[in-house]
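Here the structure comes first, spelled out in structure tokens, and everything after it is commentary.
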Amino acid sequence: MGGTESARQRPGLVALLRTVRADPARMPERLAVFAVEFLGPQAADTAARAHASERAGTSRAEVTEQVIGRGVHRSVVEGSFLGGPFILLLPVAFVAALLAQLQMVLELGALAGRDPRGDDAAVEVLLVQGVYSTPAEARAALRKAVRAEAEEDAEAAFGGETAPKGSWWSVVRRQAYLIGLVTPDDPSRGRLRKWLGWAGIGVLLLVGMVVPFVWVPACAEMYRRATNQLADRALQRYGSPGAGDAPARTRNRSGLRPGALLVVLRTVVACLATVGAVLIVLLTGVRVADNALLAMFLVLLGLSAAVVGWHYWRSRRARRD
């Protein structure tokens, strides 16, 4: 993602985006297989460099936090940037964020001695995500997904009828669960938390229609929280070879998080900027095709694109530094 793919990977990504809508029910399995095939070698290289750093004196805890930090940063940059103010690109943004998360999981597994390119790597990914509870269930689902994809390719090659595509809502809904933006059904937690999660995303989308600036910081905070939680689950599963379980990470788990406060602050600023842009259009009498509403829309769209571009540039610069 973000320019790191080889030319060999890009056709695979295009095919993956096509199958995401074609078969939302098997999305986790297909994403896991794709991640192992195309991101597994990168994860192995990352683990090799991390072990070299350990031999040079860097502690395992520091190396692990570096891997997690890069994973969180990738999910924020790739997912937030692609989503941005353009609602139609939301499924693409979610796929980008998911692949960033899966790369982090493979890297953590490689640090713990697992082969990120092996046959069991996709099984481990599904277990860390919580899609399945046992390796047997994950392996059976992977076999079904591979068989279904082969049948679809055969039908397409012979000009047969393809399966009906899933709705975009079903795609986004499945992706939100996989990323961790919405808590899956859990009787111990009740349904209130699940519906509150969906209500939050719904409010974000509605507000974003009018104040599109808020999508980047809000999505960034959600990706950051979800990816950190995924990292915790990966550490619980993988542990540390020869050193028992991986130590618990110390992070701010209180209800008052700096990231959430920053989102609120940026939301207020975004609302003020939106009102200001609308007032400028009204007071100056700017029109496009003799239409003031079209002028407002283009102004807001242009400003939103500028905000996304600035966010992307700043994140890339911080990543290089």
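Any read-out appearing in this document is the output of simple, stated calculations on the displayed coordinates, not a laboratory observation. A quick note: this is a predicted structure, and the numbers were derived from the prediction, not measured. Positions of Cβ are backbone-derived with ideal geometry, glycine not excepted, and every protein chain shown enters the neighbour counts.
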Distance between region 88-146 and region 34-81 - C-alpha centres, whole angstrom: 15 Å
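If R₀ is 41 angstrom, what is the calculated FRET efficiency for the pair PHE297 and TRP195, using the beta carbon separation as r and rounding to 0.05?
The calculated FRET efficiency here is 0.80.
What order, most packed first, do the peptides 278-286, 228-236, 69-77 have when packing is the mean number of other Cβ atoms within 10 Å of each residue?
Ranked from most to least packed, the peptides come out as 69-77, 228-236, 278-286.
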Ranked packing of 98-107, 288-297, 133-142, most packed first, by mean Cβ within 10 Å: 98-107, 133-142, 288-297
Inter-label distance for SER59 and ARG233, nm, one decimal - labels placed 7 Å from Cα along Cα-to-Cβ: 2.8 nm
